[in-house]
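Structure first, then comments.
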Amino acid sequence: MTDLVLPQPGILALGTTVQSYLELDLVDPPPSSEALLEAVAVIAGGVVTGQGCNVVVGFRPELWRRIAPASCPDDVHGFDEPIRGPDDVVMPATQHDLVVWVAAGSRDVVFDEGHRAAGYLDGLATIADETSGWTYHHHLDLTGFVDGTENPPLGEAASYALIDRGPGAGGSVLLLQRWAHDVSSWESLSQQQQEAVIGRTKDTDEELDPKPPTSHIARTDQDELGQILRRNIAYGEVREHGTLFVGLCARQRVLHEMLEHMAGVDGQGRDDLIRYTTAVTGAYYFLPASTDLPAPPDDDD
């Protein structure tokens, strides 16, 4: 008989329409592991409301390895070096120490829970970056194309996102990148040109046959690279907006190779989509299993 391993519930809580990501850096000198875990226990307990609010907490992999070495995979690491490809392609490394991911059905609930989390971390960590966003027309990217076409059915999502055994079982590797869209350049393309960039039709979401070898679909082919779960959201306003890429996987190498293919590191050409969108942040976080985090205090404590 083995102990039951449970992921943080928000990882697989698909369908929430508003999300916020707080990325934080530890104060200097850094707090004790005990103080940090005490705050995380309260935050990760979250509040499940009528709005369906979920809170997930993640750590820079090296930080979690220091806190709980037996609960961290050996091959997980921070996004500490930029990814560089031909034609001056750069995906920057903007790694922070912690991430608090809040998802719910309305903006007010997400704000309140993020504010609450930041309060518990006051004096331990400071907010270094914050991105809030929403689902666009249920399942579209702001380019107008379906986002997450290759996502699994809900019943199979855990097999894509969660480590099934060994150190870190029940946890997940999170890739978080903010991509700013070059709206005027994108919208200057005809629909046919846009479809060639993506590798799918815009109206019916059918894969082109043949698909251009440097199209987004070809360069991020999950049948070749491995399966991930995407929880992407749109962010920004009319003047400046883009996509927050939220990739979850049991194996970090799948995520990193996907980025290398997009940048053209393998010599097969860069992803045509990144001619119209630019990565401005990049970080990896390990999301431990709920059962590897301290239990939240009782209300009477």
If THR17 satisfies every condition in (1) open to solvent by 40 Å² or more (accessible area, probe 1.4 Å); (2) closer than 30 Å to THR278 by Cα; (3) touching a helix residue (DSSP H, G or I) at 6+ places or on another chain (Cβ under 7 Å) but one, which is the exception?
(3)
Which ones in the stretch 120-136 are among the charged types (D, E, K, R) and assigned to a strand (DSSP E or B)?
ASP129, GLU130
Breaking point among (1) modelled with pLDDT of 95 or more; (2) of a type in the set (D, E, K, R); (3) out of contact with any Leu (no Cβ under 9 Å at 6 or more places or on another chain), for GLU257
(3)
Check ALA125 against each of (1) free of Cβ contacts under 8 Å to residues at least 60 places away in the same chain; (2) open to solvent by less than 50 Å² (accessible area, probe 1.4 Å); (3) of a type outside the set (Val, Ile, Thr) and name the one condition it does not meet.
(1)
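Yes/no matrix, rows are residues, columns are (1) closer than 17 Å to GLY267 by Cα; (2) without any contact (Cβ under 8 Å) to a residue 12 or more places away in the chain; (3) open to solvent by less than 20 Å² (accessible area, probe 1.4 Å):
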residue: ILE198; (1), (2), (3): no, no, yes
residue: ASP209; (1), (2), (3): no, yes, no
residue: PRO213; (1), (2), (3): yes, no, no
residue: GLN222; (1), (2), (3): no, no, yes
Can you find a residue that is closer than 21 Å to LEU142 by Cα and crowded, with 17+ Cβ neighbours inside 10 Å anywhere in the stretch 284-300?
no
Of the residues that make up the stretch 41-56, is at least one closer than 19 Å to GLY247 by Cβ, in contact with a strand residue (DSSP E or B) (Cβ under 6 Å, 6 or more places away or on another chain) and of a type outside the set (S, T, N, Q)?
yes
For LEU142, only one of the following conditions fails: (1) open to solvent by less than 30 Å² (accessible area, probe 1.4 Å); (2) within 30 Å of PRO9 (Cβ to Cβ); (3) in contact with a strand residue (DSSP E or B) (Cβ under 7 Å, 6 or more places away or on another chain). What is its number?
(1)
Of PHE59, PHE111, the only residue that is in contact (Cβ under 8 Å) with a residue 40 or more places away in the chain, in contact with a strand residue (DSSP E or B) (Cβ under 8 Å, 6 or more places away or on another chain) and surrounded by fewer than 17 Cβ atoms within 10 Å (Cβ to Cβ) is PHE111
Mind listing just one residue for me: the one in the stretch 137-188 that is free of Cβ contacts under 8 Å to residues at least 12 places away in the same chain and in a loop (DSSP other than H, G, I, E, B) and, of those, farthest from ARG231 (Cα to Cα)?
SER188
Taking SER159 as meeting all but one of (1) of a type outside the set (A, V, I, L, M); (2) buried (at least 17 other Cβ atoms within 10 Å of the Cβ); (3) over 27 Å from ILE83 (Cα atoms), write down the number of the exception.
(2)
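The values are calculated or read from the model by the stated rules, or taken from the named source; none is laboratory data. Every value quoted in this text rests on a predicted model; they were computed, and no experiment measured them. We place every Cβ from the backbone using ideal geometry, glycine too, and count neighbours over all the protein chains shown. When the accessible area is computed, the model is the full protein with side chains, heavy atoms only, and any ligands, DNA or RNA have been set aside. Shrake-Rupley method; radii C 1.70, N 1.55, O 1.52, S 1.80 Å.
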